[in-house]
Amino acid sequence: MEDLRERVRYAIDQIPVSHGELARSIGIDPTKLSKSLSGTRRFKVEELVAIADEARVNLDWVLHGTGPTPHNRWPRSRRTPDSRAARRTEILEAAWRLVARRGLHQVRIADIGEACGASSAAIHYYFPGKQDVMQAALLHCAETAFDRQSRELRELPDARDRLQGLVEALLPTPGQIRDEWMIWLQVASASALNTELRVVHNDFYRRWRDTVADVVRLGQQQEVFRDTDADHAAALLMSLADGLAIQVLTGTPGNSVESMRENLLDLARVYILLPTDAPW
């Protein structure tokens, strides 16, 4: 199959939808797809990228015929907008996890593609450039982390338990939370120079601070917390957590997850909790 149109036809045949549905799914008029297949119109590169991604065939094969003819790798179910959203999420998940382990400037589009089983061109189909995918990945990580931890906290009706759960959620323990902290620090660093990212960073920080303040207010309603300014207490706790997390993640001598936990709990005992005989 030396002819580009023949390879495109072959790729399209792998997709269990009509030509009209395919055209609409990749954002072009069905008549343009027909004209391109008949040879009266040239395919645009972005259209070829989208077709290759929809058909799940190698873009280099579509463009240049490089390598053997791909086999039909389509599942029985057809691709839907939901499946494309899921594919975008797969890319973002792969990207932020790589950034957490290697650093923002050490991750290439090709690395992301290898991690999620996509070509670099397919990633560019979803994101125009590296900066776009990186920024989206950082924000995706921050959003999903906030949503998950907020949901877990809401499942604790007792304010003392919720505050203790909040402290645990702030600790950069090895694994998921440590990786999320690495992303958060890079978001903070990048936002110092990127005003657009700074707005988003500040919004997330405000949401976290408000979450802590809401926990303090809940404890005051339950009469187990001091009658202190909830916003001030939240600012103190978040500021201490930020500083201690940096010390832990940079391996500063004398700092560990355990010492960070105790320091946060000490602050809570002094400024938030009412004195009680009950252990905490």
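What follows draws every value from the coordinates through simple rules; no lab data is involved. Computed from a prediction, not measured in an experiment: that's the story for all the values here. Using ideal geometry, Cβ is built from the backbone for each residue, glycine included, and neighbour counts are taken over all protein chains shown.
Over its Cα atoms, what ratio of radius of gyration to 2.2 N^0.38 Å does the stretch 81-130 give?
1.06
Hey, if you drop one equal point scatterer on each alpha-carbon of the stretch 87-198 and run the Debye formula without solvent, what base-10 log of I(q)/I(0) do you get at q = 0.10, 0.16, 0.17, 0.21 Å⁻¹?
Each listed q maps to, in turn, -0.34, -0.75, -0.82, -1.10.
Percent of Cα-Cα pairs more than 19 Å apart in the stretch 135-271, please.
The proportion of pairs with Cα distances above 19 Å equals 51 percent.
Please give me, ordered by residue number, the trypsin sites (Lys or Arg not before Pro) of the stretch 88-141 that lie in loop per DSSP and have at most 15 other Cβ atoms within 10 Å.
Working: sites: Arg88, Arg97, Arg101, Arg102, Arg108, Lys130; in loops: Arg108.
Hits after loop and neighbour filter: Arg108.
Could you size up the charge dipole of the stretch 81-130 around its Cα centre, putting +1 on the beta carbon of Lys and Arg and -1 on that of Asp and Glu, and report it in debye to the nearest 20?
Result for the stretch 81-130 is approximately 140 debye, rounded to the nearest 20.
Provide the net charge surrounding Arg206, with neighbours chosen by a C-beta distance below 15 Å and charges set as Lys +1, Arg +1, Asp -1, Glu -1.
-3
Charges only on Cβ, +1 for Lys and Arg, -1 for Asp and Glu: so what's the dipole of the chain about the Cα centre, in debye to the nearest 20?
1240
Show that you can apply the helix-only estimate: for the chain, add -39,500 (n - 2.57) for every DSSP H stretch of four or more residues, divide by all residues, and state [θ] at 222 nm to the nearest 500.
-22500 deg cm²/dmol
Can you name the helices of the chain, as whole DSSP H runs, whose Cα span along the helix axis is 18 Å or more and whose Kyte-Doolittle mean is not below 0.5?
Counting only whole DSSP H runs, the qualifying helices are 230-249.
Quote the relative contact order of the chain in percent (integer), defining contacts as alpha-carbon pairs under 8 Å separated by 6+ residues. Before the final figure, lay out each step's value.
On the way: 252 pairs, mean separation 36.2, N = 280.
Contact order relative to length: 13 percent.
For Lys35, give me every one of the aspartates and glutamates with a C-alpha distance below 19 angstrom, ignoring sequence neighbours fewer than eight places off in its own chain.
Answer for Lys35, where 19 Å is the Cα cut-off: Asp3, Glu6, Asp13, Glu21, Glu46, Glu47, listed by chain and number.
For a Förster distance of 51 Å, can you work out the FRET efficiency between the beta-carbons of Thr40 and Ala115, rounded to the nearest 0.05?
Numbers: r = 40 Å, r/R0 = 0.78.
Here the calculated transfer efficiency is 0.80.
How large, in Å, is the stretch 4-64 by the Kirkwood hydrodynamic radius built from its alpha-carbon pairs?
11.2
Work out which GluC sites (Glu not before Pro) in the chain are exposed loop sites (DSSP not H, G, I, E or B, at most 14 other Cβ within 10 Å) and give the longest gap free of them. Walk me through the numbers on the way to the answer.
On the way: sites that count: Glu2, Glu155, Glu223.
Counting at most 14 other Cβ atoms within 10 Å as exposed, the longest clean stretch of the chain is 3-154.
How much net charge surrounds Gln222 when only the other residues with a Cβ under 9 Å from the Cβ of Gln222 are counted, with Lys and Arg +1 and Asp and Glu -1?
Cβ neighbours under 9 Å give a net charge of -1.
Rg and Dmax in Å for the chain, alpha carbons only: what are they?
Radius of gyration, then largest Cα-Cα span, for the chain: 25.1, 84 Å.
Using a cut-off of 25 Å between alpha-carbon atoms, which lysines can reach Lys130, once sequence neighbours fewer than 8 places away in the same chain are excluded?
Those lysines meeting the cut-off are Lys44.
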